[in-house]
Amino acid sequence: MRRNTLNQAQVPTPAPATAKRRKATRTATSSSFTLPSMPAIPTLNTRPAIPSRPSTPSVSTLPLRPATPTLQPKTVVVEEPKVTIAVMGATGSGKTTFINHAGKLDLPVGHGIQSCTKTVQAATPFRFEGYQVTLIDTPGFDDDTITDVDVLKMVAAFLSDGYKNKKPLSGVIFLHRISDRRVGGVSRRNIKMFKELCGEDTLKNVVLATTMWEYVDKETGEARETELRSEEIFFKPVIDKGARLVRRQNTEVSAQNILRSLIGNKPLPLQIQTEMVDQKKDLLQTAAGGELRRDTEEQMRTDELEAREFMEKIKGAVSVCEQETREEVLKEQDQMQEDVRRAEEEALHQEEKYNLEKEELEMSLAQVQEAVVNDSEKQKREILTLQERLKTACNASAAERDKLQKQVVLANRQVQEKHPQQSTGYFTSYGASIDGFLGNRRGLWW
């Protein structure tokens, strides 16, 4: 046992300057000190004197055990639990906006018809109610610039790497637009792919959040929400297995409330993680890959059917067009034949009319010629009569001869006016003869 007190208290005496003080030694087998022999001094009832300051003569005391170092309390650093949550949904459903609201971040948000999220990306970790939270932004399965196969490859690779590195997901948030007038094929494909990615065992860590409530009236939104909750082709199967359907308002508080409901969950691996990592399945052998393959094959069959129907419509249109063209050609041919027939009839009619008019004209000409001949004969007879009268009037008076000559000239002029084309013909010759005759007679008379 260590001796806590001294048997004797000694009064120290000044030692010579050359004297050396013996040091206390410690045996290897005992924890007590071995003191050097010292002169006996009277026993004192007081404690040994405390050494004085160096400036004053110090009182020599017995050497004591070296002081034990004082232990400083260690600062215990409590590491915040890390939480990883994936955010999924169709393009334009508000995934990036949700992450910005929940973590007060500033990720770029798409406001057009194209998505800003082209790859799986982890947002900057942030502290939230004692947790270090990392939200995962994923592209939708309806992106026009990325095929569904490429999206599935990216999501599967990211989730598999996280599972291998012991970073399971504490939850999954799936966003759906309540503003959609109907849940079409694209939205249903997103829902089916989401169900196959998660599997049934992790649905209790899933939150289905409807977004865009500010774009619909309350009655319409509630009706669509009821349809999503109750229809087998929508959210009913996953809700029955533990998923929760909530409304996501466009505020930070709403996003943080959804986040708060997931951060305390026990992390569970998704179905695609266990399939690809634990079961070593190829991507297309997983449930999500099989669903994508079936959907792609169905889409191909639909496209092929639509293509055949389109070709049939084209053929039908061509047939109809050809039939209409044939009918138009036949109609034009009939019209042309009718025009030819009418032209022939018109030509025949014109020919008949011409022949008739020709006959009438010839008859008229014959009548005119006959009249001319008759008139000529008449005029001839008149001239002969006048000549006879002239012959008989040779001895008549001059007045009688002038009168007769005027009558002959007048008759000759009338003949020329009626028959100008015969100015050098028969009547002209008679006129000349008469003139000559009268001239000769005049010479004889005068």
Requested in this report: For residues that are more than 35 Å from the chain's Cα centre (by Cα) and not β-branched (Val, Ile, Thr), scanning just the range 276-290, find the one that is surrounded by the fewest Cβ atoms within 10 Å (Cβ to Cβ).
Outcome: Lys280
Query raised in the report: Looking at Leu292, Leu270, which is the one that is farther than 26 Å from Thr134 by Cβ and not β-branched (Val, Ile, Thr)?
Result: Leu292
Requested in this report: Sort through Lys391, Lys331, Lys313, Lys353 and tell me the only one that's surrounded by 10 or more Cβ atoms within 10 Å (Cβ to Cβ), within 30 Å of Asn412 (Cα to Cα) and among the charged types (D, E, K, R).
Outcome: Lys391
Requested in this report: Can you tell me which residue within the range 148-178, out of those that are more than 18 Å from Glu196 (Cα to Cα), touching a helix residue (DSSP H, G or I) at 6+ places or on another chain (Cβ under 9 Å) and in a loop (DSSP other than H, G, I, E, B), is modelled with the lowest pLDDT?
Outcome: Lys167
**Report entry** Lone unmet requirement of (1) within 26 Å of the chain's Cα centre (by Cα); (2) closer than 30 Å to Lys104 by Cβ for Asn205
**Finding:** (1)
Query raised in the report: Filtering the range 242-260 down to residues that are assigned to a loop (DSSP other than H, G, I, E, B) and within 36 Å of the chain's Cα centre (by Cα), which residue is surrounded by the most Cβ atoms within 10 Å (Cβ to Cβ)?
Result: Arg248
Query raised in the report: In the range 261-273, how many are within 16 Å of Lys82 (Cβ to Cβ) and either among the β-branched types (Val, Ile, Thr) or assigned to a helix (DSSP H, G or I) (or both)?
Result: 1
Query raised in the report: Only one of (1) surrounded by fewer than 20 Cβ atoms within 10 Å (Cβ to Cβ); (2) touching a strand residue (DSSP E or B) at 6+ places or on another chain (Cβ under 8 Å) fails for Glu129. Which number is that?
Result: (2)
Query raised in the report: Within the range 219-233, can one find any residue that is assigned to a loop (DSSP other than H, G, I, E, B) and either among the β-branched types (Val, Ile, Thr) or crowded, with 18+ Cβ neighbours inside 10 Å (or both)?
Result: yes
Requested in this report: State whether one or more residues within the range 149-167 are farther than 17 Å from Leu135 by Cα, of a type outside the set (A, V, I, L, M, F, W, C), buried (at least 20 other Cβ atoms within 10 Å of the Cβ) and in contact (Cβ under 8 Å) with a residue 60 or more places away in the chain.
Outcome: no
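The values are calculated or read from the model by the stated rules, or taken from the named source; none is laboratory data. All of these numbers come straight from a predicted model, not from anything done at the bench. When we count neighbours, we look across all protein chains shown, and the Cβ atoms used for this are built from the backbone with ideal geometry, even at glycine.
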